[in-house]
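Below is one structure, written out as structure tokens; the observations come after it.
The values are calculated or read from the model by the stated rules, or taken from the named source; none is laboratory data. Quantities reported herein were computed from a predicted structural model and do not represent experimental measurements. No Cβ is skipped: glycine too gets one built from the backbone with ideal geometry, and neighbour counts run over all protein chains shown. Ligands, DNA and RNA are excluded from the accessible area calculation, which covers all protein heavy atoms including side chains. Shrake-Rupley method; radii C 1.70, N 1.55, O 1.52, S 1.80 Å.
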Amino acid sequence: MKPTHIEHIGIAVENLEEAIKHYENILGLSCYAIEEVKDQKVRTAFFRVGQTKIELLESTDPEGAIGKFVAKKGAGVHHLAFAVDNVNQALSEAESKGIKLIDKKSRLGAEGLQIGFLHPKSTLGVLTEFCGRSSTF
Ligand code: CMX
């Protein structure tokens, strides 16, 4: 497995609408999609910066991953997502190298992509995500 590029950088925010204004006014970027991902208990907003996206994440549930993160650490960089050809293959390869997985198998994330997370305790403190269109072995 070799990631092709950074697919997106996930940033936890307290208020999605205010954060969108910040990225539009300060950086001159345009939000091209807002989507709720019920499974992840978040509302997301996306911006393109070249090949990479910025994904803003607002919690919809204090018990969800973003709700807990913001309560503990406040808003800020939450995860790095690497584009891979095959998410399940990338997950099992990481596991075979001793990495603790959050997701043993890929699941559906924003924008219809397959996603899978590695545990930040085994990735030097950085919550790491694989994402891609394909997940079949
Ligand atoms: N980056 C680095 N460390 C993180 C972290 C993050 N984003 N989120 C949590 N942690 C750390 C905590 O600081 C804590 O460390 P300590 O034990 O040293 O205090 C530890 O992980 C456990 O955190 P917790 O608050 O007790 O939360 P949980 O164990 O219940 O969950 C995690 C942590 C990473 C397993 C969970 O957040 C998760 O499953 N994340 C993957 C899914 C996700 O983040 N979804 C969000 C939306 C994604 C999307 O749609 O793109």
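Tabulated data
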item: Rounded FRET efficiency, nearest 0.05, which uses the C-beta distance separating Lys72 from Leu29 and R0 of 35 Å; result: 0.80
item: With every protein chain in place, the chain: carbon and sulfur % of accessible area (1.4 Å); result: 54 percent
item: Kirkwood Rh, Cα atoms: Rg over Rh of region 55-104; result: 1.07
item: Taking the chain and dividing mean pair separation by its residue count, relative contact order in percent (alpha carbons under 8 Å, at least six apart); result: 26 percent
item: Bins of 5 Å from zero: percent of alpha-carbon pairs in region 5-132; result: 2, 11, 20, 24, 20, 14, 6, 2, 0
item: Inter-label distance for Glu18 and Glu63, nm, one decimal - labels placed 7 Å from Cα along Cα-to-Cβ; result: 2.7 nm
item: Region 86-117 and region 39-60: distance between their alpha carbon centers, rounded to Å; result: 18 Å
item: Cα long-axis angle, helix 16-27 against the chain (0 to 90 degrees, to the nearest 10); result: 80 degrees
item: Å² per residue, accessible surface of the chain at 1.4 Å; result: 56 Å²
